[in-house]
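One structure below.
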Amino acid sequence: MSNGYAVVDVETTGLGDHHRVVEVAVVHVDPSGRRTDEWCSLVNPRRDLGARHGITAADIQRAPDFAGVAGELAARLSGRVLVAHNLPFHLVFLRAEFARLGHELPASGVCTMELGGGVTRAYSALRNARASAGLLVSCLDRVGDVSPVRLEVPRLLRTYAVQRSSTGGRA
C-alpha cells in the first residue's frame, strides 16, 4: 500500500540525451483523491537554459543544481505512486538526473495521458503538475495496482527550493 500519489512535472532545456531539468514540481494526492501538499523548485542545469519557459537567467543563477534538490525530491516521491502526464517523457529526465548522482529511479507509475487524454499544458512545472493531479483525481477509479517509488537520496544540509521571480514572464 502506498501513501498516495506523487504527481510530477518537469520543465527542461529541450529534448534529447544532453538536455537537463530546469524546474520540477510535485503535487501529493492522498488515496482518496485529496491534494495534500505541493512543492516546486527551479533547478540550475549548469548549461544554457534553452527554451526559457518564462524563467529568467537571474532565477536560474539563484537555483540549486539537481544534486541540491535530489534528496528533497526523492523524499517527496518515496512511498508514493509516481504519476505524470506523459510519464515516459518525465521518467527519461528524472532517471538521467538521478543516475548522474548514482541513484536509480524505478520505472513504474501512472500516466495520466493514458488515463484521461489531454490537459492544457503551461510552461510551468507546478501548473502542469496541478492539472495532472486534477486529471488523476477524476480517473482514480481506473488506476490499477502500481508499486510506490522506493528511492533514498540523502538530503543536503542546505536544501532549498527557488521559485520563479514575479518578473519571470508567464508562469
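Among [x] 1.19; [y] 0.94; [z] 1.12, which one is Rg/Rh (Cα atoms, Kirkwood Rh) computed from these coordinates?
For Rg/Rh (Cα atoms, Kirkwood Rh), the calculated option is [y].
Can you give the accessible area per residue of the chain, in Å², using a 1.4 Å probe?
Each residue of the chain exposes 48 Å² on average to a 1.4 Å probe.
Calculate the spin-label point distance for Ser32 paired with Val143, positioning each point 7 Å from the Cα along the beta-carbon direction, and give it in nanometres.
1.5
Roll a 1.4 angstrom probe over the protein heavy atoms and tell me the percent of accessible area of the chain that is carbon or sulfur.
Carbon and sulfur together cover 51 percent of it.
Each label point is 7 Å from the Cα along the Cα-to-Cβ direction; what then is the distance between the points at Gln61 and Thr159, in nm?
Once both label points are built, they end up 2.7 nm from each other.
The values are calculated or read from the model by the stated rules, or taken from the named source; none is laboratory data. Because the structure is predicted, anything quoted here is derived from the model rather than measured. Please note: Cβ atoms are built from the backbone with ideal geometry, for glycine as well, and neighbour counts cover all protein chains shown. For the accessible areas, the whole protein counts, side chains as well, though only heavy atoms, and no ligand, DNA or RNA atoms are used. Shrake-Rupley method; radii C 1.70, N 1.55, O 1.52, S 1.80 Å.
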